[in-house]
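Notes follow once the structure below has been shown.
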Amino acid sequence: MENHVINIDPEILGGTPVFFGTRVPIKNLFDYLESGESIDYFLDDFEGVQREQVTKVLEMSLKLIELSTNNLA
């Protein structure tokens with residue numbers, strides 16, 4: 001897999017952030033996790049998404065949360 005994880009393109013779902021190479025919105029992952037579903041269940045439902053992409057999105061999200069928390073202190 002290349003370093004591409006997220007794609008934002010006005011021609012794909014009106015610019016909604018999606019997993020690169022798919023039309024699967026990133027928000028779908030968080031919706032699944034929020035409802036208690038596993039990453040494996042998500043990947044089963046969205047076969048075009050790679051586990052490495054999910055891992056990278058979660059890592060990126062954690063870094064953003066850490067940065068925003070540090071900026072509040």
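Read-outs: derived from the displayed coordinates by stated rules, not from any lab. This structure is a prediction, so every number in the text was calculated from the model and none was measured. Positions of Cβ are backbone-derived with ideal geometry, glycine not excepted, and every protein chain shown enters the neighbour counts.
Observations on the structure shown:
- Cα centroid separation, the range 1-24 to the range 44-73: 15 Å.
- Here is how the number arises for the chain: DSSP H runs of 4 or more residues each give -39500 (n - 2.57), the sum is divided by the residue count, and the result at 222 nm is -16500 deg cm²/dmol.
- Using all pairs of distinct alpha-carbon atoms, the Kirkwood hydrodynamic radius of the chain works out to 13.1 angstrom.
- Against the chain, whose longest principal axis comes from its Cα atoms, helix 51-72 is set at around 20 degrees.
- Less than 5 angstrom separates the built amide H of residue 6 from those of 20, all sequence-distant by 5 or more or on a different chain.
- Spin-label model, residue 65/residue 28: points 7 Å from Cα along the beta carbon direction are separated by 2.2 nm.
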